[in-house]
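Enquirer: Shown below is the structure under consideration.
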Amino acid sequence: MSWPSPGARHGRNHYRSIDRPAADPTRVERTFAEKMALERGRTLLVLDTAVEDGASRLYEGLGFNLTGVIPDYSLKPHGGLTGTMIYWKRIAAETA
């Protein structure tokens, strides 16, 4: 699958990322996803994480906004369901 698909004008594609909630967001200059999106002219990132043991602290530390929670949306690795938190962030190229 190419990134992004032709139907995504400003980043509506959905991508999974492997992340570690314990990471320090203050040490991240600009995420890889932001750099890729900007290179392709995108202005909006949308992502999700599990309610239980997810990366919400990391995403919020990186400036993402919580839109809402979908209950019982994702499967847990060892069975059962967990909610999914939906985040978004508007991005723009840095100016000199």
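Bear in mind these aren't lab numbers, they're just calculated from the coordinates by the rules spelled out. These numbers come from a predicted model, not from an experiment. A quick note on method: Cβ atoms are made from the backbone with ideal geometry, for glycine too, and the neighbour counts reach across all protein chains shown.
Enquirer: Restricting to segment 64-95, count the residues that are exposed (fewer than 15 other Cβ atoms within 10 Å of the Cβ) and not in a strand (DSSP E or B).
Expert: 9
Enquirer: Now a separate question. Give all pairs with beta carbons closer than 8 Å in which a residue from segment 30-42 that is surrounded by 18 or more Cβ atoms within 10 Å (Cβ to Cβ) meets a residue that is among the charged types (D, E, K, R) and assigned to a helix (DSSP H, G or I); count only pairs at least 6 apart in sequence or on separate chains.
Expert: Sorted first by the residue in segment 30-42, then by its partner, the list stays empty.
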